[in-house]
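Undergrad: Sharing a structure here in structure tokens format.
Each value in this text was obtained by applying a stated rule to the coordinates, not by laboratory testing. Bear in mind the structure is a predicted one, so any value in this text is a computation, not a measurement. Virtual Cβ from ideal backbone geometry, glycine too; neighbours counted across all protein chains shown.
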Amino acid sequence: MDQFSQAILTLVSILVVVSSICYFKFLSKSAAKSPPGPWGVPILGYLPFIGADMLSKFSQLASKYGEIYMLRLGNKLCVVINSPSLVKEVVRDQDNVFSNRSPPVAAFIGTYGAKDIAWSPNNSEWRALRKVFVREMLSNRSLEVSYTLRRNEVRKAIQQVYKNGKAAVEISLLAFQTEMNVITNLLWGELLEGEDEEIYGKKFCAIIPKFIDLFGKANISDFYPCLAGLDIQGIKRQMESYRHAIDRILNDIIEKHKKKLSEGVTEKGRKDFLQILLELKEKDEDSISDTQLKALILDIISGGTDTTASTIEWVMAELLNNPTVMEKAQTELAEVVGLDNIVEEHHLPKLKYLDAVVKETLRLHPAIPLLVPRSPSQSSIVGGYTIPKDTMVFINVAYIQKDPRFWNSPLEFKPERFLGNGCDFSGNNFQFLPFGSGRRMCAGLPLAERMLMYFLASLVHSFDWKLPNDQKLDMSERFGMILRKSVPLVAIPNARLFDSNLYM
Ligand code: HEM
């Protein structure tokens with residue numbers, strides 16, 4: 001064989017090998033089947049069977065179909081992920097593809113057309129906004145400087161409970177009002193003080209819980225986008241009215257801030273978040289639009305108040321339900337802080353047991369149990385199954401965090417399991433994801449961790465707590481965008497510090 005024929009033969013062999021590889025790859029890709037899942041009925045899919053408690057239904061289906069399953073709700077294709085290894089495929093190996101969101105109608109309207117962080121698609125605007133929030137507003141330095149604000153609000157709450165003597169306290173309400181005050185103070189408390197600040201805080205307290213609940217409400221327009229124009233349940237109209245009310249308040253606050261800044265009323269050593277944002281805008285007009293600015297503020301208020309307040313309520317409920325755990329947490333506080341002293345943020349890193357209590361509570365009662373749904377930007381393979389582009393992907397954290405394959409006695413409340421196991425909230429352990437994981441994980445984590453620990457430590461250190469008339473505690477859950485207690489926790493405080501001045 002001459003040299004030319006030899007070269008042709010080699011080339012042909014290479015082409016045969018390469019094309020066979022490509023062909024088999026194509027075959028294996030196109031042969032990837034759909035995930036298993038329950039059958040539905042024509043047009044409605046699985047909608048008639050989902051019931052009022054979607055979370056329990058999703059977990060029942062996980063027990064039947066395993067790590068991943070697919071179901072159709074109306075016209076919407078949904079996939080639910082139920083195992084740590086598949087979570088890793090979604091949030092780590094293919095994070096870029098799965099970092100899109102597909103906001104329900106209510107969330108789209110409520111966030112100025114997904115111009116915020118939580119519901120924005122995975123694009124350069126989202127990256128820029130998230131970067132501003134995390135780097136400029138939630139840096140260690142910024143949080144250290146704003147400690148006085150958090151301290152004032154937590155002290156006010158403790159004082160209020162003390163002054164009311166042994167009157168019953170609705171824990172979630174107290175926590176919500178305190179978190180709202182902390183957040184609104186961080187946002188605009190340096191430049192807006194006194195009456196103005198209080199009025200705005202009250203207005204937000206009245207609207208925000210209803211606003212968040214609407215995000216999680218089952219909406220026919222989401223299952224049948226072709227019917228969205230009819231807005232059959234009136235959810236779009238309702239959301240528009242909340243958004244307008246909020247918009248008026250935000251415009252007012254922003255104008256007042258701009259006026260104060262133009263008058264040079266800025267020098268106090270601390271800057272509030274709104275001031276930081278307005279200064280960034282002034283430096284670079286294109287950095288953040290006015291709409292993004294309002295959407296970001298709304299994200300911080302809605303993402304930061306209800307989640308934290310509900311978690312505080314669950315921790316207190318678990319402590320009351322487990323008196324030996326309460327005793328251990330109080331003993332630790334007495335040792336670290338002392339009964340002749342009040343809790344400060346610098347005590348928090350030493351409160352290892354309380355930290356384990358918070359983690360164990362978030363394992364059993366994750367505030368956002370299905371995370372915020374993701375939506376792949378292209379068709380992808382997960383666990384060997386095809387997930388078409390734009391499918392709604394839920395990660396069932398509530399199921400994974402109670403799976404007996406990964407947790408001993410998973411339904412028991414045992415904070416000890418978190419002592420010295422190195423498990424944190426960073427989203428690197430795919431069996432424990434209360435703040436999510438990957439590039440879409442909770443952007444407010446540094447603030448959330450501080451607020452949870454500081455407020456809880458103060459409540460548990462300052463008072464002994466018991467249920468009214470030794471009632472039995474109801475621990476049932478109510479699923480919505482946020483996992484709440486069905487029956488709000490009410491508890492009676494009894495001061496435990498040595499000196500009444502410590503409550504002033
Ligand atoms: C107990 C408190 C909190 C819990 C349990 C919590 C949990 C979560 C979870 C599970 C997600 C979705 C993550 C994912 O889809 O992978 C999320 C997203 C988010 N959270 Fe939180 N959160 C809390 C507090 C806060 C606070 C205090 C803020 C702000 C001040 C905040 C702001 C956000 C934002 C902006 C996002 C959207 C991130 C994105 O899509 O890029 N959260 N949070």
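Undergrad: Enter the Cα centre distance for the pair the stretch 88-109 and the stretch 387-410, rounded to the nearest angstrom.
TA: 16
Undergrad: Under the rule of at least 5 residues apart or a separate chain, name every residue whose amide H is placed under 5 Å from the amide H of GLU477.
TA: Under 5 Å from the amide H of GLU477: SER486.
Undergrad: Next question. Per-residue HN-Hα couplings for the stretch 160-176, Karplus 6.51 cos²θ - 1.76 cosθ + 1.60 at θ = phi - 60°, whole Hz, x for Gly and Pro?
TA: Coupling constants for the stretch 160-176: 4, 5, 4, 5, 7, x, 9, 5, 4, 10, 8, 4, 5, 5, 4, 5, 5 Hz.
Undergrad: Next question, about the same structure. What FRET efficiency do you get for THR291 and ALA167 if R0 is 51 Å and r is their Cβ-Cβ distance, rounded to the nearest 0.05?
TA: On the way: r = 44 Å, r/R0 = 0.86.
It comes to 0.70.
Undergrad: So between SER241 and ARG478, what do we pick up on full extension, going 0.36 nm a residue minus the alpha carbon distance? Could you put the intermediate results ahead of the total?
TA: Values: separation 237, 0.36 × 237 = 85.32 nm, distance 2.54 nm.
So the chain would gain 82.8 nm between SER241 and ARG478.
Undergrad: So if I place +1 on the C-beta of Lys and Arg and -1 on the C-beta of Asp and Glu, and nothing else carries charge, what would the dipole magnitude of the chain be about its Cα centre? I want it in debye, nearest 20.
TA: 1180
Undergrad: Which is the longest stretch in the chain that no exposed loop site breaks, taking sites as GluC sites (Glu not before Pro) with a DSSP loop state and at most 15 other Cβ atoms within 10 Å?
TA: Working: sites that count: GLU193, GLU263, GLU267, GLU285, GLU344, GLU412.
It works out to 1-192.
Undergrad: Could you derive backbone 3J(HN,Hα) for the stretch 99-105 from the dihedral phi with the Karplus parameters 6.51, -1.76 and 1.60 (θ = phi - 60°), listing whole Hz in sequence and x where the residue is Gly or Pro?
TA: Values per residue, Gly and Pro as x: 8, 7, 10, 10, x, x, 3 Hz.
Undergrad: To continue, here is another question. Under 19 Å Cα-Cα from LYS33, which aspartates and glutamates qualify once same-chain neighbours fewer than 8 residues away are excluded?
TA: GLU67, GLU89, ASP390
Undergrad: Compute the long axis of helix 323-336 from its Cα atoms, compare it with the longest principal axis of the Cα atoms of the chain, and write down the angle in degrees, 0 to 90, nearest 10.
TA: It is inclined by approximately 70 degrees.
Undergrad: Report ³J(HN,Hα) in whole Hz for each residue of the stretch 132-143, in order, from the Karplus equation J = 6.51 cos²θ - 1.76 cosθ + 1.60 where θ = phi - 60°; Gly and Pro get x.
TA: Per residue, the Karplus-derived 3J(HN,Hα) values read 4, 4, 6, 7, 8, 9, 10, 5, 3, 5, 4, 6 Hz.
Undergrad: Could I ask something else about it? Expressed as a rounded percentage, what relative contact order does the chain have, with Cα pairs under 8 Å and six or more residues apart? Mind showing how you got there, number by number?
TA: Values: 694 pairs, mean separation 118.5, N = 504.
That works out to 24 percent.
Undergrad: Shape call for the stretch 55-503 from the C-alpha gyration tensor, a ≥ b ≥ c root eigenvalues: rounded (a/c under 1.5), prolate (a/b greater than b/c) or oblate?
TA: Values: a/c = 1.66, a/b = 1.11, b/c = 1.49.
It is oblate, given that a/c is not under 1.5 and a/b is not larger than b/c.
Undergrad: Between LYS466 and residues 5 or more places away or on another chain, which pairs have amide H atoms under 5 Å apart, with H built 1.01 Å from N, and which residues are they?
TA: Correct list: ILE492.
Undergrad: What residues qualify as long-range amide H neighbours of ASP116, i.e. H under 5 Å apart, gap of 5 or more or another chain, H built at 1.01 Å from N?
TA: none
Undergrad: Would you compute, from DSSP H runs of 4+ residues alone, the mean residue ellipticity of the chain at 222 nm, taking -39500 (n - 2.57) per run and dividing by the full residue count, rounded to the nearest 500? Don't jump to the answer; show the numbers that get you there.
TA: Values: 18 runs with 251 residues, N = 504.
Taking each H run of at least 4 residues, the total per residue is -16000 deg cm²/dmol.
Undergrad: While we're on this one: With a ≥ b ≥ c the root eigenvalues of the C-alpha gyration tensor of the stretch 197-312, is it rounded (a/c under 1.5), prolate (a/b larger than b/c) or oblate?
TA: Details: a/c = 2.47, a/b = 1.84, b/c = 1.34.
Taking the square roots of the gyration eigenvalues as a ≥ b ≥ c, the stretch 197-312 is prolate.
Undergrad: Distance check, please: which entries in LYS202/LYS258; LYS203/LYS359; LYS64/LYS236 exceed 24 angstrom between their Cα atoms? Before the final figure, lay out each step's value.
TA: Working: LYS202/LYS258 22 Å; LYS203/LYS359 32 Å; LYS64/LYS236 35 Å.
Beyond 24 Å between Cα atoms: LYS203/LYS359; LYS64/LYS236.
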